[in-house]
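These notes are about the structure you will find just below.
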Amino acid sequence: MRVHLSVIYVALLAGSASAQTLNTDDFVFANRAAQVIGGADACGYKLDDEKLTAFMAKIADLDATSRMQFTNAQGMQARVINSMIEKEKKAQCALQAKMAQEYGISR
């Protein structure tokens, strides 16, 4: 039992140390960008390929944890949107289309 509790304690300490080095601004930006890019096809708004390529340089400059969050969130976004009820989907898609414009990546 003590060994088990020690393992949990060490894991919690390691998690705390990792959380302290997390750049939350980058993490949130990566998550939002992933929602916009990952949801484009499911929502029906178009992204400009050249602008998207240039925008991805911003993602490449993020810390490793934020880049990983981008990849994970992007892959899930279409499934999330397709699981929403119609009003949720319309609202989320409108938000994401607006964000795509603000990021300068929409057509």
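State the volume of the convex hull built on the alpha-carbon positions of the stretch 37-79, expressed per residue in Å³ and rounded to an integer.
Cα convex hull per residue, to the nearest whole number: 53 Å³.
Where does each of V28, V36, V80 land when they are ranked from fewest to most other beta-carbon atoms within 10 angstrom?
Details: V28 12, V36 27, V80 16.
Starting with the residue having the fewest Cβ neighbours, the order is V28, V80, V36.
In a shell of Cβ-Cβ distance under 15 Å around T21, excluding T21 itself, what net charge do Lys and Arg (+1) and Asp and Glu (-1) give?
Local net charge: -2.
For the stretch 23-103, treating each Cα as an identical point scatterer without solvent, what Debye log10 I(q)/I(0) comes out at q = 0.22 1/Å?
Once normalised to I(0) and log-transformed, intensities are -1.01.
Net charge near S106, counting Lys/Arg +1 and Asp/Glu -1 over other residues with Cβ under 10 Å of its Cβ? Write out the running numbers ahead of the final one.
Working: positive: K46, K51, K98, R107; negative: D48, E102.
Surrounding charge for S106 is +2.
What is the calculated FRET efficiency for D48 to E102, with r their C-beta to C-beta distance and R₀ = 22 Å, to the nearest 0.05? Working shown, then result.
On the way: r = 14 Å, r/R0 = 0.63.
That pair, D48 with E102, gives E of 0.95.
Which residues' amide hydrogens lie under 5 Å from the amide hydrogen of L62, considering only partners 5 or more residues apart or on another chain, with H built in the peptide plane?
none
Can you put D48, D61 in order, fewest other beta carbons within 10 Å first?
Working: D48 14, D61 10.
So the residues, fewest neighbours to most, are D61, D48.
What distance in nm separates the two pseudo spin-label positions at N72 and M56, each 7 Å out from Cα along the beta-carbon direction?
2.1 nm
Read the figures in this text as sums done on the coordinates, not as results from a lab. Keep in mind that what you see is a predicted model, and the values were worked out from it rather than measured. Positions of Cβ are generated from backbone atoms using ideal geometry, with glycine treated the same way; all protein chains shown enter the neighbour counts.
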